[in-house]
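Reviewing the structure listed below.
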């Protein structure tokens, strides 16, 4: 996720980095054949790009052209936690998304009328962290269903992003088998299908596999098949993160799959790295 820091605090660092970041465009032109094949995959139907609204704003300060290319469209999304104002700024056409890590909080906000901005999209991101109640971590299939059902009942479209690390939660309704790692757990428990059945967009948090392209592609393709089996209309996105790999490695992983869209996760200090990734993806035809 992009960190919450003020524009004034980050502007100097971002501006200083911009010149170096923009140089990537020329270097990326050397990708040649790999760029051409990636362009074919991109033309096959990448539908959206997702990141935080604050991240879009900060990246726009450094590189308006690249940021606008990916995010100044209603088909892409900017997320944020403010239930009374859109997370999208700078006049961008990006669709705002109200993000939650807790079904209980979302249900409470719906019940009390706390969501006052006219959002069309909400997102549920359950992970093994303090923002998601333990009982939700232990029963992701149940709460993915409840979140999607409640959101749709109130006219929202839904993005669900269940994390792989839920497989390590003690007391899980679908516990990991002895010696089982998180990727096999995720597939065996059909977390992708559980999310897709009640969502409009499902995001696979595959970013930890960025530097292992074959595993990144295997997990995405397998999870996407499960998602489509549960909901043939589902849009399945892949996630990349500046926490895993260089911009070139992020681009290689992203281009290894024919994803419906991409979620880009970064922190404020790594915005130049995220922008380099986006520039490389643009050169590749995305």
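Just so you know, all these numbers are worked out from the coordinates, no wet-lab data involved. These figures come from a predicted structure and were not determined experimentally. Heads up, the Cβs are rebuilt from the backbone with ideal geometry, glycines too, and the neighbour counts pull from every protein chain shown.
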Note on the range 46-135: the mean projected area of its alpha-carbon convex hull, in nm², is 6.7 nm²
Normalised by the residues of the range 7-283, what does the relative contact order come to in percent, with Cα pairs under 8 Å and at least six apart?
19 percent
Sort 86, 211 so that the residue with the fewest other Cβ atoms within 10 Å of its own Cβ comes first and the one with the most comes last.
211, 86
Residues in the range 115-156, backbone N under 15 Å from the label point at residue 243 (7 Å along the Cα-to-beta-carbon vector): list them, ranges by number please.
125-132
Cβ-Cβ FRET estimate between residue 108 and residue 221, R0 fixed at 41 Å, reported to 0.05
0.65
Distance histogram in 10 Å bins (all Cα pairs of the range 7-283, percent per bin)
7, 29, 36, 22, 6, 0
Rank these for me by crowding, 218, 262, going from fewest to most other beta carbons within 10 Å.
218, 262
Here the FRET efficiency for residue 131 versus residue 84, based on Cβ atoms and R0 = 30 Å and rounded to 0.05, is 0.95
Return 152, 57 ranked ascending by Cβ neighbour count within 10 Å, so the fewest neighbours appear first.
152, 57
